[in-house]
Each structure stands twice: as structure tokens, then as C-alpha cells.
1. I'd like the residue in the stretch 117-146 that is out of contact with any helix residue (DSSP H, G or I) (no Cβ under 6 Å at 6 or more places or on another chain), modelled with pLDDT of 75 or more and not in a strand (DSSP E or B) and, out of all such residues, is surrounded by the most Cβ atoms within 10 Å (Cβ to Cβ).
2. So the check is Cβ under 6 Å with 6+ separation or different chains; which pairs have a first residue in the stretch 102-116 that's touching a residue at least 60 places away in the same chain (Cβ under 8 Å) and a second one that's surrounded by fewer than 16 Cβ atoms within 10 Å (Cβ to Cβ) and part of a loop (DSSP other than H, G, I, E, B)?
3. Taking residue 18, is it in contact (Cβ under 8 Å) with a residue 12 or more places away in the chain and either surrounded by fewer than 18 Cβ atoms within 10 Å (Cβ to Cβ) or over 14 Å from the mean Cα position of the chain (by Cα) (or both)?
4. Which residue is surrounded by the fewest Cβ atoms within 10 Å (Cβ to Cβ), if the candidates are limited to the stretch 37-47 and must be at pLDDT 90 or above and over 16 Å from the mean Cα position of the chain (by Cα)?
5. Tally time: how many residues in the stretch 48-76 are in contact with a strand residue (DSSP E or B) (Cβ under 9 Å, 6 or more places away or on another chain), surrounded by fewer than 16 Cβ atoms within 10 Å (Cβ to Cβ) and touching a residue at least 24 places away in the same chain (Cβ under 8 Å)?
6. How about the stretch 48-98: which of its residues are in a strand (DSSP E or B) and modelled with pLDDT under 90?
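The values are calculated or read from the model by the stated rules, or taken from the named source; none is laboratory data. What you see is a predicted model; the values in this text were computed from it and never measured. Cβ placement follows ideal geometry from the backbone for every residue including glycine, while neighbour counts extend to all protein chains displayed.
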């Protein structure tokens, strides 16, 4: 007897400013309360620094700055989403600073619209789709495409030497 496969995907939703974003839960390692981040000199502006996660150096990215959203003070809801990002055939672990985590939600394929095409000058390849959930749009990120290769090289460079 064959089992019926479901195309439902689970996403972790989080907020930046007034917008809701989501990533595939398969990419999420864990969610941490915000803790002090050690600033690393001469890193990209969107990089907050690094944290020690059970003996491993994990770079932390400010997702607000990465997406050009105005910075704001940290709150009790501010958290670090630890993600696994595929880069050059390997997995890089990064922390993504978010305003808050909302929930894990399940979306059927018919609840997801294709990413918007906004002319040729604006790169929206990092958006895998627009989820419709409770009459709201959720921007579904293709987390492997959020960072340009040169940005991930910079992130890797910070984690590599610091871990040695």
C-alpha cells in the first residue's frame, strides 16, 4: 500500500518591522533569546558580530539592515534564529536577528503565489513566494539566496578564524 505524499510545507514565521517573513523549518536549527553579540571589526554593515553557541562561533546577521529596514532598539521579543545556509556545497550556520518569532505554519502549494517580478533592476530571487495566511501576505524567503556569494564569503571568514 503506497502512502500519499503531501506537498504541505512548514514555515517558521518571524517579523521585521511590520512585515511577516517565513523560512522553511528544515533550515532552522534553533531559536535563541537575544544575547550579547561580539562585534567583529571590518565586517559588512549588516553583520552584528558573532555569538558563542555551545563552543561554535556563529555569525549574526541583522536582517533589518540586510533588507534596508530602519534599525530599532532591541526588545524582549528580539531573537536570533539559527539557520543552516547552503554555500558552495557546504552548510554554513548563521544567526538571523529578527524582531520576533511568530509561529510555525503550514502552507499548501495553492496558498503560495510566485515571487513578484518588479522589473529587471530589482533582484527578488531571494523570495521563493508570497504565502497567503489568515488574509495576510507572508514573504517566504529562499534563505540560501538571501546573501550574495561575496557576503557569505565574508561571513565564513569571520566564523572560520574565530573558531580556530
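1. Here the residue is 146.
2. Qualifying pairs under 6 Å: 106/8; 108/8; 109/7.
3. Details: in contact (Cβ under 8 Å) with a residue 12 or more places away in the chain: no; either surrounded by fewer than 18 Cβ atoms within 10 Å (Cβ to Cβ) or over 14 Å from the mean Cα position of the chain (by Cα) (or both): yes.
Against the criterion (in contact (Cβ under 8 Å) with a residue 12 or more places away in the chain and either surrounded by fewer than 18 Cβ atoms within 10 Å (Cβ to Cβ) or over 14 Å from the mean Cα position of the chain (by Cα) (or both)), residue 18 does not qualify.
4. Pass one, the stretch 37-47, residues at pLDDT 90 or above: 37-41, 46-47.
Still in the running and over 16 Å from the mean Cα position of the chain (by Cα): 37-41.
Working: 37: 18, 38: 12, 39: 11, 40: 19, 41: 5.
Of everything passing the filter in the stretch 37-47, 41 is surrounded by the fewest Cβ atoms within 10 Å (Cβ to Cβ).
5. Going through the stretch 48-76 one residue at a time, the tally reaches 4.
6. Keep residues of the stretch 48-98 that are in a strand (DSSP E or B), which gives 48-53, 56-62, 79-87, 90-98.
Correct list: 86, 87, 90, 91, 92.
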